[in-house]
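A short write-up of the structure that comes next.
The values are calculated or read from the model by the stated rules, or taken from the named source; none is laboratory data. Since we're looking at a predicted model, the values are computed, not measured. Cβ coordinates were reconstructed from backbone atoms using ideal geometry, including for glycine residues, and neighbour counts include every protein chain displayed.
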Amino acid sequence: MTNPIFCAVDRPDLEGTLALARTLAPHVGGIKLGLEFFAAQGPRGVEAVAALGLPVFLDLKLHDIPNTVAGAVREVAKLGVAMLTLHAAGGRAMLEAAVATAAAAQHRPWLLGVTVLTSLDAADLAATGIAAAPDEQALRLARLAVAAGLDGLVCSPLEIAGLRRALGSGPRIVVPGIRPGGGGDDQKRTMAPAQALALGADILVIGRPITRAEAPAMAAADLARQLRPAA
């Protein structure tokens, strides 16, 4: 994957999503679709975006009993997406059920284990009963995901270096919370894109810095140009 930027197109309308994806296509490595789009447009909307030819990262963060998640993975694999997320906190049995189901699919997506959301910090974790710091919890869940056979991990940029030290170059690391100009929104653990790549990220998920720019295509092209020496 030569361009590490996947643009998070977080909007519910199909035509607007398709138009933006077409505009961004020359400047990004793929498109991330999340819950808002999936709730509004469903599987057919995902297929429509995938039909444009860009890799699609479907960010559903599946988290349920193993049988339910396996069924969801079976259906998602029919949509032609490149990547699909599951919460690693769902447990080993859930993750292994997803891996087994994906292995039988004709078009197998990468399965990515979400560790700790970038919107959470230590205080947020403590409020849910988790005493570990975000980096400790991310590593614990990352080890579980890798042991279960997942292809990669989703973590904040602040955990990249620790995961690479502990797990090596094997798992793909997909990183949201990328902010070229700093924070200022609901993402609490963020980093600049070139720094995240240098630490070992494989894919950078960048949404609002591109989609809310006055000229999204120009913003994406500028980011891609800045990252070429580091990619």
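Exactly one of these conditions fails for residue 112: (1) touching a helix residue (DSSP H, G or I) at 6+ places or on another chain (Cβ under 7 Å); (2) outside any helix (DSSP H, G or I); (3) surrounded by 15 or more Cβ atoms within 10 Å (Cβ to Cβ); (4) not β-branched (Val, Ile, Thr). Give me its number.
(1)
Sort out which residues of the range 1-28 are surrounded by fewer than 22 Cβ atoms within 10 Å (Cβ to Cβ), modelled with pLDDT of 95 or more and part of a loop (DSSP other than H, G, I, E, B), and write them in order of number.
Answer for the range 1-28, where residues must be surrounded by fewer than 22 Cβ atoms within 10 Å (Cβ to Cβ), modelled with pLDDT of 95 or more and part of a loop (DSSP other than H, G, I, E, B): 12, 13.
When you go through (1) closer than 23 Å to residue 164 by Cα; (2) out of contact with any strand residue (DSSP E or B) (no Cβ under 7 Å at 6 or more places or on another chain); (3) hydroxyl-bearing (Ser, Thr, Tyr) one by one for residue 128, which number turns out not to apply?
If we test residue 128 against (1) closer than 23 Å to residue 164 by Cα; (2) out of contact with any strand residue (DSSP E or B) (no Cβ under 7 Å at 6 or more places or on another chain); (3) hydroxyl-bearing (Ser, Thr, Tyr), just (1) comes out false.
Taking the residues in the range 180-209 that are part of a strand (DSSP E or B) and at pLDDT 90 or above as candidates, determine which candidate is farthest from residue 152 (Cα to Cα).
This residue is 206.
One residue is enough: does the range 42-51 have a residue meeting the conditions outside any helix (DSSP H, G or I), modelled with pLDDT of 95 or more and not acidic (Asp, Glu)? Show your work before the answer.
The first filter runs over the range 42-51 and keeps only residues outside any helix (DSSP H, G or I), leaving 51.
Then keep just the ones that are modelled with pLDDT of 95 or more; that gives 51.
Then keep just the ones that are not acidic (Asp, Glu); that gives 51.
Yes, because at least one residue in the range 42-51 is outside any helix (DSSP H, G or I), modelled with pLDDT of 95 or more and not acidic (Asp, Glu).
Please count how many residues of the range 59-81 are surrounded by 20 or more Cβ atoms within 10 Å (Cβ to Cβ) and either charged (D, E, K, R) or farther than 15 Å from residue 101 by Cβ (or both).
Here the count works out to 1.
When you check residue 120 against the structure, is it crowded, with 22+ Cβ neighbours inside 10 Å and not basic (Lys, Arg), yes or no?
Working: crowded, with 22+ Cβ neighbours inside 10 Å: no; not basic (Lys, Arg): yes.
No; evaluated as a whole, the condition is false for this residue.
Would you say residue 120 is assigned to a loop (DSSP other than H, G, I, E, B) and within 14 Å of the chain's Cα centre (by Cα)?
no
Only one of (1) in a loop (DSSP other than H, G, I, E, B); (2) surrounded by 14 or more Cβ atoms within 10 Å (Cβ to Cβ) is not met by residue 99, so which one is it?
In the conditions (1) in a loop (DSSP other than H, G, I, E, B); (2) surrounded by 14 or more Cβ atoms within 10 Å (Cβ to Cβ), residue 99 misses (1) alone.
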